[in-house]
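The next block holds one structure in the form of structure tokens; read it before the comments.
No value in this document is a laboratory result; all are computed from the given coordinates. All of these numbers come straight from a predicted model, not from anything done at the bench. Positions of Cβ are backbone-derived with ideal geometry, glycine not excepted, and every protein chain shown enters the neighbour counts.
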Amino acid sequence: MGGVKVLGLNSSFPCVRVLWALKLKGVNYEIVEENLLNKSPLLLQMNPIHKKVPVLIHKDKPIVESLLILEYIDEVWKTTYPLMPEDPYDCSMARFWAKFVDEKVVVTAFEAMKSEGEGKEVAIVAAKETLELLEKQIEGKKFFGGDEIGYLDLVVGWICLWLPAIEQVGGMKLLDSSTFPLLYQWTQCFVHIPAIHECLPPREKAVDYFQTGLNYLRSLDASKK
Amino acid sequence: MEEIPNKLRLYGTEASPYVRRVIWALKIKGIEYDFVQEDLSNKSPSLLRYNPINKTVPVLVHAGKAIAESVVILEYIEETWPDPTPLLPEHPYERAMARFWIAYGDQKQHHVFHSFLACSEEGKEKAAKDLMEMLKIVQDEALGDQKFFGGNTLSLVDLCYGWLTSLKYVERVVGVRVLEPTTLPKLHRWMQDFSEEPLVKENLPDLEAKLPELETLRKHLMSTNK
């Protein structure tokens, strides 16, 4: 069995990053939809340590963590549509900013979504500060990857659909076109790329996904009190 | 300090395990560099200029271009100077696994290590047990029966778990043992073999002198942990 399988769900943006990469490279794959409240034996077997999606299964071997999967896909299918920059320094910048996106931009956006009252204003400011840094990175470029999208574009890609969903669930605005014109412009170009567009879930699915998660967290907090 | 084109400069501290892994990579690959000792309570203008986002060490400056984040730096070193001593496997799957274990160690290390150092007297057995459980996964799943994480030779994974050579100082300060031949035999043996590798041995951090600082840090963390 040499096929490519992705364990995941298309409402989860780390999973969609992987689908985008495979589509851009023209790799056929099968999605195995996971129910995160009732994880399949296959998922638990393939990712026993973190028990999370996405998992890429290639030649029966599992690769986990979306950023690692992107690099793996780029190294295996290296002749089609390179994702990482060629120059080692540009590569290091892409990795640095990818880490920043996942550790700071995503985390602060979630914090802002979850926060209430006074804390919410503080959290919103923190989230916007991370977007400001990202805005500076896209200055003078069409895409983070240059003239074509690359690794970093796929990593930032969640802001085109999942960030509006987070904003909706959190009752707030983070990425508005007047404060972040360059990032906003980037999202408009990004979503119109066919391979990107084809893998987007309906926005309601992303909203549901975050709303369910938030309700669950709030119920946990309530039961602790 | 004047800029010297094409020269390598590493901004760091003696005690940081994130800096140490970069030093080991450069030494193993035989790459010359200048080391700039930073005082993190009084960061130099150069450091803040080269790493305005995270404002911390390590930062590697090569031909005037700055790279921050230790794992990003290690990958850059590997890509720029792959031969004659590669520190990542060639096969994409093996590379992905190496990167996985580096990420796992860094995620867990930060959390568990700080919990361990900050634990109360009553909580120290549990804190030690948590750290041991995390290390057991690394021992059984990543190291197995290999001499090093990289097989017969060192890899970036070995360098990124190199902080285990300094765990004894934390064990001393907290007053409980974790990494022992009886508790984690294969990992303990790895730690000794790793420490004996010539380029590692010559470049181990001098932490004996830092013990009083570590004790102070523990007291501070314990008091803020309540």
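List of remarks:
- Taking label positions 7 Å along the Cα-Cβ direction at both residue A:198 and residue B:83, the computed distance is 3.9 nm, reported to one decimal.
- Using the Cβ of residue A:141 as centre and a radius below 14 Å, the other residues enclosed give a net charge of -4, where K and R count +1 and D and E count -1.
- Here the convex hull built on the C-alpha positions of chain B has a volume of 131 cubic angstrom per residue.
- Cα-based Rg of the stretch A:110-225 normalised by 2.2 N^0.38 Å, two decimals: 1.16
- Value of D in µm² per second that Stokes-Einstein yields for the protein assembly as shown, Kirkwood Rh from Cα pairs, at 25 °C (0.890 mPa s): 103
- As a proxy for reagent exposure, ranking B:100, B:116 by other Cβ atoms within 10 Å from fewest up yields B:100, B:116.
- The stretch A:180-221: C-alpha gyration tensor shape, a/c 1.5 cut-off, then a/b vs b/c: oblate
- If you take the Cα centroid of the stretch A:153-215 and the Cα centroid of the stretch B:147-223, the two points sit 43 Å apart.
- Ascending count of other beta-carbon atoms within 10 Å, so fewest first, for A:17, B:99, A:218: A:218, B:99, A:17
- Cα lying deepest toward the dipole's positive end in chain B, options B:113, B:204, B:84, charges on Cβ: B:113
- Taking each residue as 0.36 nm, the span from residue B:40 to residue B:210 lengthens on full extension beyond its C-alpha to C-alpha distance by 59.7 nm.
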